[in-house]
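Undergrad: Here's a structure for you.
Read-outs: derived from the displayed coordinates by stated rules, not from any lab. This is a predicted model, so every value here is computed, not measured. Every residue, glycine among them, receives a Cβ derived from its backbone with ideal geometry; neighbour counts consider all protein chains shown.
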Amino acid sequence: MSAPTSTTRMVRVDLGGRAYDIAIGAQLLDRVGELAAPLLAAPRVVVVSDGTVAPLYGARLAASFKKAGIETGSVTVPPGESSKEFAAFSRLMNDLLDLRPDRKTTLVALGGGVVGDLTGFAAAVLLRGVDFIQVPTTLLAQVDSSVGGKTGINTRHGKNLVGAFYQPRLVVVDTDVLGTLPRRELLSGYAEVAKYGLIDDPAFWDWCEANGAALIAGDAARRAYAIEHSCRAKARIVAADERETTDLRALLNLGHTFGHALEAETGFGPDLLHGEAVGAGMALAFDLSAKLGLCPALDATRVRHHLDAVGLPVRLRGIGGNNRRQWSATKLIDHMRGDKKAEAGRLTFVLARGIGRAFVTREVDAVALRDLLDTAIAA
Ligand SMILES: NC(=O)c1ccc[n+]([C@@H]2O[C@H](COP(=O)([O-])OP(=O)(O)OC[C@H]3O[C@@H](n4cnc5c(N)ncnc54)[C@H](O)[C@@H]3O)[C@@H](O)[C@H]2O)c1
Ligand SMILES: [Zn+2]
């Protein structure tokens, strides 16, 4: 790879033969071609993007490939989670095949987690596997979904139930593209940033408390720092447990058992974004940890307070916009049991002994759980 400029931060995901770099910096969209060129099996790429992101950034990305002498095709899918449906995936595969790719063609995902998950899975199965590159454009995708190789689509049985572990060859994060991201989407990604502090990095959580508001308001240096730090955290965990065969990678699911239930109850729709659900879920996971006497109550209060202060919806009452929800602990627990992470109906939780001290457990007292949810619903 050509020498990155001084402002480009590089993070290595150490996976032996499947290792790759994450390049993070301002204006990197114009350098994707140059960064990708040495890695391509042939100078041919197809960029997959969505109807919101393609008009904003597609031309600049295509120009960067052209400048590097790389032939570029493109396919655009509708924005939103519906593009991860089976039928949409089938259309994408046919649109890709219309462009007559060969096995040396590389797919490039330009967009948020939807485009990344979809394109990664397409790359895993197109002509039995072609290379792919991630150019994530949401904060959530930049700090989480573009790194680690989980790809997939949705079915009527649930989200991400069909997919593959398939690592990209390169991830290029242009921090400037966050400038056009709606504030709610930015906040949603921030929940996953703060998660890395809560898992095993109390100093980073302190940093988030001190700098989160400025990061969200637009401070470029703080954004770049947080993205690099988050990618390093995820890269470290993924390198040690690529396929979630131990509990290590499962720590990344902090807030996700509760969050998944909240998302399921709100229909995985615009009433509650994934990161918003994770934020509320992390607050609940710390509350439960405190209730079970595992974690100081003060830590749970700090978690709830910070996420609330930056503008994430941590109170169930605040979720759902104008459609006020009738939450029910029974329904939420049913959703948790339906989660693919529940092993033989046994719920898996990531709880904490304090900020930065998360652990995985399958031994959560059912009465305490129901009690906690009832309290949260009434609050
Ligand atoms: N693979 C993983 O490890 C992993 C991890 C977490 C989440 N996910 C998946 O990620 C998906 C959610 O990703 P997401 O939150 O990025 O949502 P998304 O991809 O739907 O993007 C959110 C919205 O922002 C728009 N957008 C994207 N970039 C923009 C930009 N720079 N400026 C303006 N608008 C922009 C998109 O068009 C979309 O409407 C879910 O499907 C989830 O399952 C995967
Ligand atoms: Zn998540």
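Undergrad: From the backbone phi of the range 28-42, what are the Karplus-calculated ³J(HN,Hα) couplings (6.51 cos²θ - 1.76 cosθ + 1.60, θ = phi - 60°) in whole Hz, Gly and Pro given as x?
TA: Going residue by residue, I get 6, 3, 6, 10, 4, x, 5, 6, 7, 3, x, 9, 6, 5, 8 Hz, with x marking Gly and Pro.
Undergrad: If you build a Gaussian network model of the chain, linking Cα atoms that sit under 10 Å apart, which residue out of Gly218, Gly17, Gly293 swings the most?
TA: Gly17
Undergrad: Something else now. What is the spin-label model distance, in nm, from Asp247 to Ala42 if the labels are put 7 Å beyond Cα along the C-beta direction?
TA: Placing both labels 7 Å beyond Cα along the Cβ direction yields 4.9 nm.
Undergrad: Then there's this: Mind checking which of Gly318, Leu252, Val193 is farthest towards the positive end of the range 184-378's charge dipole, using Cβ charges of +1 (Lys, Arg) and -1 (Asp, Glu) about the Cα centre?
TA: Gly318
Undergrad: How much length is gained if the chain between Asn211 and Asp30 is pulled fully straight, taking 0.36 nm per residue apart and subtracting their Cα-Cα distance, in nm to one decimal?
TA: 62.3 nm
Undergrad: Related question: Quickly estimate the mean residue ellipticity at 222 nm for the chain, helices only: each DSSP H run with n ≥ 4 gives -39500 (n - 2.57), and the total goes over all residues, rounded to 500.
TA: After summing the helix terms and dividing by residue count, I get -13500 deg cm²/dmol.
Undergrad: For the residues Glu265, Glu244, Glu71, what sequence is obtained by ranking on other C-beta atoms within 10 Å, fewest first?
TA: Least crowded to most crowded, the residues run Glu71, Glu244, Glu265.
Undergrad: Further question: For the residue pair Ser82 and Leu294, what label-to-label distance in nm results when each label sits 7 Å from Cα along the Cα-to-beta-carbon direction?
TA: For the pair Ser82/Leu294, the computed spacing is 3.9 nm.
Undergrad: In the structure shown, do any of Lys195/Lys331; Lys66/Lys150; Lys195/Lys291; Lys159/Lys234; Lys159/Lys195 have a Cα-Cα gap over 24 Å, and if so which?
TA: Cα-Cα > 24 Å for Lys195/Lys331; Lys66/Lys150; rest within.
Undergrad: Using alpha carbons only, how many degrees (0 to 90, rounded to 10) separate the axis of helix 297-310 from the longest principal axis of the chain?
TA: 50 degrees
Undergrad: Considering the options Leu96, Thr301, Val350, tell which one lies farthest towards the positive end of the dipole of the chain, charges being +1 on Lys and Arg and -1 on Asp and Glu at the Cβ, about the Cα centre.
TA: Leu96
Undergrad: What is the dipole size for the range 9-180, taken about its Cα centre, with +1 at each Lys and Arg Cβ and -1 at each Asp and Glu Cβ, in debye to the nearest 20?
TA: So the dipole magnitude of the range 9-180 works out to roughly 340 debye.
Undergrad: Considering only the chain, what is the antiparallel percent among its DSSP beta bridges, to the nearest 5?
TA: DSSP beta bridges in the chain are roughly 40 percent antiparallel.
Undergrad: Among Val45, Pro78, Gly158, pick out the residue whose Cα is farthest towards the positive end of the charge dipole of the range 9-180, where Lys and Arg carry +1 and Asp and Glu carry -1 on C-beta, about the Cα centre.
TA: Selected residue: Val45.
Undergrad: Which order do Leu127, Leu369 fall in if you start with the one that has the fewest other Cβ atoms within 10 Å?
TA: Listing Leu127, Leu369 from fewest to most nearby Cβ atoms yields Leu127, Leu369.
Undergrad: To test your reading of the geometry: what angle, between 0 and 90 degrees and rounded to tens, separates the Cα axis of helix 86-98 from the longest principal axis of the chain?
TA: Taking Cα atoms only, the helix is inclined about 10 degrees.
Undergrad: List the trypsin sites (Lys or Arg not before Pro) within the range 257-324 that fall in a DSSP loop (any state other than H, G, I, E or B) and whose Cβ has at most 16 other Cβ atoms within 10 Å.
TA: For trypsin sites (Lys or Arg not before Pro) across the range 257-324 that sit outside H, G, I, E and B with at most 16 neighbouring Cβ atoms in 10 Å, the list reads Arg315, Arg324.
Undergrad: Further question on the same structure: Normalising by the residue count of the range 184-378, find the relative contact order in percent from Cα pairs under 8 Å and 6+ residues apart.
TA: After rounding, I find 26 percent.
Undergrad: Can you sort Thr301, Thr72 from fewest to most other Cβ atoms within 10 Å of each residue's own Cβ?
TA: Fewest to most other Cβ atoms nearby, the residues stand as Thr301, Thr72.
Undergrad: A further question on this structure: Report the charge-dipole magnitude of the chain in Debye, nearest 20, computed about the Cα centre from +1 at each Lys and Arg Cβ and -1 at each Asp and Glu Cβ.
TA: The calculation lands at about 380 debye.
Undergrad: If you don't mind, there's one more thing I want to ask. Given H placed on each backbone N at 1.01 Å, which residues far from Leu170 in sequence or on other chains put an amide H within less than 5 Å of it?
TA: Amide H to amide H, under 5 Å and 5 or more residues apart or across chains, Leu170 pairs with Gln134.
Undergrad: Next up: With no solvent and one equal point scatterer per Cα, compute the Debye intensity ratio I(q)/I(0) for the chain at 0.08, 0.09, 0.15 Å⁻¹ and report its log10, rounded to two decimals.
TA: At q = 0.08, 0.09, 0.15 Å⁻¹ the computed log10 ratios are -0.39, -0.49, -1.35.
Undergrad: Here is a follow-up. ³J(HN,Hα) across the range 365-370 via Karplus (A = 6.51, B = -1.76, C = 1.60, θ = phi - 60°), whole Hz, x for Gly/Pro?
TA: Couplings: 5, 4, 5, 4, 4, 5 Hz.
Undergrad: Can you tell me the dipole magnitude for the range 232-379 around its Cα centre, using point charges on the Cβ only (Lys, Arg +1; Asp, Glu -1), in Debye to the nearest 20?
TA: In debye, rounded to 20, the range 232-379 gives about 220.
Undergrad: In sequence order, what are the phi-derived ³J(HN,Hα) couplings for the range 225-236 according to the Karplus relation 6.51 cos²θ - 1.76 cosθ + 1.60 with θ = phi - 60°, rounded to whole Hz, with x for glycine and proline?
TA: Along the range 225-236, the couplings run 4, 5, 5, 4, 4, 5, 4, 4, 5, 5, 4, 5 Hz.
Undergrad: Show the residues, 5+ positions off or on another chain, whose built amide H is closer than 5 Å to the amide H of Thr106.
TA: Hits under the 5 Å cutoff: Arg44, Val45, Val46.
Undergrad: Same structure again: On a full-extension model of 0.36 nm per residue, what is the gain between Arg183 and Ala239, subtracting their alpha-carbon distance, rounded to one decimal in nm?
TA: 17.0 nm
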